[in-house]
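Enquirer: Pasting a structure here, questions to come.
The values are calculated or read from the model by the stated rules, or taken from the named source; none is laboratory data. All of these numbers come straight from a predicted model, not from anything done at the bench. FYI the Cβ positions are ideal-geometry reconstructions off the backbone, even for glycines, and counts take in every protein chain you see. Surface accessibility is based on the protein's heavy atoms, side chains included, excluding ligands, DNA and RNA. Shrake-Rupley method; radii C 1.70, N 1.55, O 1.52, S 1.80 Å.
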Amino acid sequence: MSKVLLKPLGERIVATRESAATKTASGLYLPDNAKEKSQIAVVAAAGPDVKDIKVGDRIIVREYSTTEVKVDGAEYLIVKAEDVLAVVEG
């Protein structure tokens, strides 16, 4: 992962969305506009007040709780720590 140009404040997290599946369970390939946005993201930076979540963790975020931003061509999500539903282990 390249250097993140955003520094989250307080209890906010900067993350990158994990790419959605391109193929269904039955083997059909999905075009980009038919894919659902993944609710799983990888933490790129965490604010000073964030506990139990660290850089590199895969997290599940509440739907419609993120702010999407684009900085120097890279897309990021900004989410409050309270909107993180779980950390994916393994």
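Enquirer: I need the full set of residues from segment 48-87 which are farther than 13 Å from Lys7 by Cα and out of contact with any strand residue (DSSP E or B) (no Cβ under 9 Å at 6 or more places or on another chain), in order please.
Expert: Lys51, Glu63, Tyr64, Asp72, Gly73, Glu82 - these are the residues of segment 48-87 that are farther than 13 Å from Lys7 by Cα and out of contact with any strand residue (DSSP E or B) (no Cβ under 9 Å at 6 or more places or on another chain).
Enquirer: So which residues in segment 57-90 are of a type in the set (S, T, N, Q) and not in a loop (DSSP other than H, G, I, E, B), if there are any at all?
Expert: Once the filter is applied, which keeps residues that are of a type in the set (S, T, N, Q) and not in a loop (DSSP other than H, G, I, E, B), segment 57-90 yields only Thr67.
Enquirer: Restricting to segment 76-90, what's the tally of residues that are farther than 17 Å from Asp49 by Cβ and within 10 Å of the chain's Cα centre (by Cα)?
Expert: Residues in segment 76-90 being farther than 17 Å from Asp49 by Cβ and within 10 Å of the chain's Cα centre (by Cα): 2 in total.
Enquirer: Would you check if there is a residue in segment 60-73 being under 11 Å from Gln39 (Cα atoms), open to solvent by 100 Å² or more (accessible area, probe 1.4 Å) and not aromatic (Phe, Trp, Tyr)?
Expert: yes
Enquirer: Kindly establish whether Val43 is surrounded by 12 or more Cβ atoms within 10 Å (Cβ to Cβ), over 15 Å from the mean Cα position of the chain (by Cα) and at pLDDT 85 or above.
Expert: no
Enquirer: Can you name the residue in segment 5-40 that is open to solvent by less than 60 Å² (accessible area, probe 1.4 Å) and under 12 Å from the mean Cα position of the chain (by Cα) and, of all such residues, is modelled with the lowest pLDDT?
Expert: Ala20
Enquirer: Show the residue pairs that are 6+ apart or on different chains and have beta-carbon atoms under 7 Å apart, the first residue being within segment 62-73 and modelled with pLDDT under 95, the second being in a loop (DSSP other than H, G, I, E, B).
Expert: Glu63/Gln39; Val71/Leu5; Val71/Leu6; Asp72/Leu5
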